[in-house]
1. How far apart are the residue C:134 label points across copies, placing each 7 Å from Cα toward Cβ, in nm, shortest first?
2. For residue A:114 and residue C:29, FRET efficiency with R0 = 60 Å and r from the beta-carbon atoms, rounded to 0.05?
3. Output the residues of the stretch C:207-251 meeting this criterion: accessible area (heavy atoms, 1.4 Å probe) in the chain alone minus accessible area with all protein chains in place is 20 Å² or greater.
4. To the nearest 20 debye, what charge dipole does the stretch A:216-281 have about its Cα centre, counting +1 at the Cβ of each Lys and Arg and -1 at the Cβ of each Asp and Glu?
5. Once the dipole of chain B is set up with Lys and Arg at +1 and Asp and Glu at -1 on Cβ about the Cα centre, which of B:169, B:263, B:158 lies farthest towards its positive end?
6. May I ask which of B:279/C:216; A:306/B:306; A:306/B:279; C:216/C:279 have a Cα-Cα span longer than 20 Å here?
7. Sum up the charges of everything whose Cβ sits under 12 Å from the Cβ of residue B:194, counting Lys and Arg as +1 and Asp and Glu as -1, but leave residue B:194 out.
8. Taking amide H atoms as placed 1.01 Å from N in the peptide plane, list the residues 5 or more away in sequence, or in a different chain, whose amide H sits under 5 Å from that of residue C:275.
Amino acid sequence: MDPLGASPLPARRASEWATVLGGTLEGPDLVVEAACTLDFGFAAGLSFLANPSYRRAWAASAAGVVLADLNTSVPNGYRGSVLRVANPYAAWAEVLSSGIHPVAWTADRPAGVDPSTVLAPGVVLAADVVVGPRSVLHPGVVLYPGTVVGADCILHANVVLGSDGFGFVPPLGSAAGWTKIPHLGRVRLGDHVELGAGTCVDRAVVGETVVGDGSKLDNLCQIGHNVRIGRHCVIAGQVGVAGSAVLEDYVVVGGQAGIAGHLTVGRGSRIGAQSGVAKSLAPGSEVLGSPAVDAREFRRLFAAQKSARG
Amino acid sequence: MDPLGASPLPARRASEWATVLGGTLEGPDLVVEAACTLDFGFAAGLSFLANPSYRRAWAASAAGVVLADLNTSVPNGYRGSVLRVANPYAAWAEVLSSGIHPVAWTADRPAGVDPSTVLAPGVVLAADVVVGPRSVLHPGVVLYPGTVVGADCILHANVVLGSDGFGFVPPLGSAAGWTKIPHLGRVRLGDHVELGAGTCVDRAVVGETVVGDGSKLDNLCQIGHNVRIGRHCVIAGQVGVAGSAVLEDYVVVGGQAGIAGHLTVGRGSRIGAQSGVAKSLAPGSEVLGSPAVDAREFRRLFAAQKSARG
Amino acid sequence: MDPLGASPLPARRASEWATVLGGTLEGPDLVVEAACTLDFGFAAGLSFLANPSYRRAWAASAAGVVLADLNTSVPNGYRGSVLRVANPYAAWAEVLSSGIHPVAWTADRPAGVDPSTVLAPGVVLAADVVVGPRSVLHPGVVLYPGTVVGADCILHANVVLGSDGFGFVPPLGSAAGWTKIPHLGRVRLGDHVELGAGTCVDRAVVGETVVGDGSKLDNLCQIGHNVRIGRHCVIAGQVGVAGSAVLEDYVVVGGQAGIAGHLTVGRGSRIGAQSGVAKSLAPGSEVLGSPAVDAREFRRLFAAQKSARG
C-alpha cells in the first residue's frame, strides 16, 4: 500500500462489503484492507468509479475491488473484482466511514515533534502528528491527526493542516441533504516548506495531500484534498487549488488565482494573478485570465477588445 | 418581534429619539423596543430608509417608526410614524449604539452548550452562545455573543461566527472618517451544517445571519451580515457573499465566486467558480463569469472572442 | 533613519560587507547601520537594486551604499557608494539575515499594551508590541514582534499582524530552491482602524507596513509587505494588496479585488469588486474588471460584447 494514495480500513472481505452495501460482487472474494484511489490501487485495496471520465484509470488500476454502478461495463485491462451498487459514491462514503477514528487533540508536546521544533503559544496539535527538526509553528497553527511536517518548515499564524476536505454525495431526493465523504487521509509537507498566515491544506480522502520540498505558499491560500504540489513551487496569497490537482515542480502562481480539480499543471508553468485554470497545462506554460489562456493570447484578446470599441 | 429581522433596544419613546437625534417626529409617539429591517417591521420596531431603492419595502413595512431624510415623501401604504433627520444612516448608527453590550468571553463551558458537543482546545466562546447536540468545534473556533449553532454541526479550525459585519456611515466632510454601524444581531446555524477552516460568518446588524439546515461551506469563505443561506446549499472555498444576500435552498457555488449584497439567488441555482453575481437569479439558473451571465451565453461569448482574434 | 523605510542592522563597514558577500566596493567605506529602501535612503543606510525599473529611484536615493550587479552603470545623481556583487537580491537577503532576532511570544500582558486595551482569551502577543488606549483585540489575534497598534482600534478574531511577507530569491540552478528574504520591518496601524476576522497584514522587509488612521478592512483580506494604506480607506472582504503598493486616503475597494505590487492608487479612487488593478491609478479613478479599466469603459465593453454575439 502506497500511503500517497491509500488509507487503511478495518479488514473485511469483499463479500461482506457487498452485504453491507446491498451490492453484488463480481470476481474473487478478496480481503479489503485499505481504501485507495484508482491510480494507487493494489490487491487489498478498494476503490470506486463515480464518473465515466475515470474509465481509463480504472482500466489500468491494480485495485483488488472497484465499486461501480449497475450498468457500467468493466474496461479491458482491469483484472480485479467489481462490486456493483446503485450509487457507487454513496457506497464509497459508507466504506470510508468504517475507517474513521475520533480526533484526539493534545495539550502535551506529541512524541513525534522533534525537540528542536519551536511551538508558539496557541498551537494545537493532534497526538500523532510528526514535525521535523528546526521547524517553527507560529501561534494558532492547528495540525489535525496524522499530519506530517518535514524539517526546516515555517508555518505562520493560524495555518491549518489536515482539516477535512470538501466532498459530499449529492442529495438523492428533492428534500434530502448532502452526505459527507469521510476523510481518512492526511497532509504531508516536505522540508523547507513555508506556509503563510491563515493558509489551509485539507487532508486527503484516502492517501495524502502533499506539499513538496522547498515550496512556499503565501497567506490565506486554500489547498484542497488530495492535491499534490511539487518541489520549489511559489504560490501567492489567496490562491485556491481544488481537489486532486497536481502541480509539478517549480510552478509559480500569482495572487487570487484558482486551479480547478483533477488536472495537472506542468513543471515550471507560470499562472497569472486572478487566473482561473480549468484545463491541464503543459510544462512551461504561461497563462492569464479566467478561464486562463496562453498569456500572449490573453494580451492580444484584451488589446483587440479595447480597440474594437473605438 | 421576529428575531430573524429585529434586535431589542432599550425601550424609549419615538419623541425621545427625535430629541436625541435632532429630528422631527411625524405621527404617533410610539414606544420603540427594537431596531428592525423594513421587511420585518412591527409596531414597536424602528427602521430606516437610507436608499430610495427600498421605497417599496418601506410602503409595505409594518415598522412603527422609520428614520427618513427631510425631503423623501412617505409612500402610499405605510401607516407608521416617520422620524425626519438630516442623515438617516448616521441616525440609525446612533440608535443601534444604544443596544450594544460589552462582549463577554468565557473560559468555562457555557450553559447553552449541549453536553454532547465536542469543544477542542483553543475554542473561545462568548458566555451566552447555544450549541446543539453532537456538534464538533475544532481548535481556534470563535463564537461571538448570541451565536446559535444547531445539532450535528462541524466547525473546522479557526471558524469565526458572529464577528461584526462591515458597515460604516460615509464621511461627512473632506477630512472626516467613517462611522461604525453597531451590530446588534447574531449568527444562527441550522442542523447538520459544516463550515470549513477559517470561514467567517458575520453577525447581523439587526436580526440574524442564517445558514440553513444541511448547508456545507468550504474553507476561507466570507459570509456578510444579514445574509440568509437556505437549506442544503454547497459553497466551495474562498467564496464571498455580501451583506443581506439571500441564497435559497440547494444553491451550489463554485470556488472563489462572489455574490453581491441585497439580491436573491433562486433555489437550485449553480454559480461557477470565480463568478461575480451582481443581479438576482431565477430558480435553477446556471451562471458563469464576472459579471456573471447565463452559462451557455458565457461559453458562446468566450468562443466568439477567441475566434474573432484569428 | 525613517522607520517607515528602514530597519536597523548590526553596525558594520561597507568593506566588511564586501568581504562577506564576495563583492567589490566602489566609493567611500561608510559604516552601515540599517537596511533601507531606495526611497528612504540615508548616509548609514544600505539598499539594493535588483530590477532596472528602480533606476530612477536609485538616482534620487540618499542611501550611503547600494548593492548592484557587476554591469549596471551608476545613474546620474547618485552620490553614495556601490557594492558590486553577482546577485544583488541574494546579497540583500544575506545582509538582512544579520538583523533577525528570534521571535519571543509572551503569556503576560506586554508593557507596551495600554491598560485600557481589551485582550480577549486566545490573543497571542510578542513581548515588544505596542497597543494604544481603548483598542479591542478579539480571540485568536496574533501580533508578531514590533507591531504597533494605535488607539481605538478593533481587531476581530484571528487577525494576524506582522507575519513575514512573501519574498524569495529565485533558484540559481535547475535543482535549487528559493531563498527566503528575511523580514526586519514591522506593521503599524493608526488610530480608529478596524480589521475584520482572519485578515492578515504582513511585516515590512525593512521599515513598516502601514494602515492609516480610520481605515476599515473587512474579513479575510491579505495586505502584503511594505504596503502603505492611507487614512479612511474602506476595503471589503477577501481583497488582496500585493507588496509595496500605496493606497492614498479615502480609497474604496470592493470585495475580492486584487491590487498588484509597487503601484499607487490615487486618493479617493474606487475599485470595483473582483477587479484586478495592475497599473497606478490617478486620484478619483473608478475602475472595474480584471485587468481593471475605467468603469465606464468596462460597462461599454461588456455591453458591446453581449450585443456582438446577437
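The values are calculated or read from the model by the stated rules, or taken from the named source; none is laboratory data. These numbers come from a predicted model, not from an experiment. Reconstructed Cβ throughout: ideal geometry from the backbone, glycine too, with neighbour counts over all protein chains shown. What goes into the accessible areas is simple: the full protein's heavy atoms, side chains included, and nothing from ligands, DNA or RNA. Shrake-Rupley method; radii C 1.70, N 1.55, O 1.52, S 1.80 Å.
1. Ordered by distance, the counterparts are at 4.8, 4.9 nm.
2. Numbers: r = 44 Å, r/R0 = 0.73.
Between residue C:29 and residue A:114 the formula returns 0.85.
3. Buried on complex formation: C:216, C:218, C:219, C:220, C:222, C:232, C:234, C:238, C:250.
4. Details: 6 positive and 3 negative charges, 22 e Å.
Roughly 100 debye for the stretch A:216-281.
5. The residue sitting farthest along the positive end of the dipole is B:263.
6. Numbers: B:279/C:216 26 Å; A:306/B:306 14 Å; A:306/B:279 25 Å; C:216/C:279 23 Å.
Result: B:279/C:216; A:306/B:279; C:216/C:279 exceed 20 Å.
7. Working: positive: A:180, B:216; negative: A:164, B:152, B:191, B:213, B:218.
Here the count lands on -3.
8. Here C:257, C:258, C:289 satisfy the definition.
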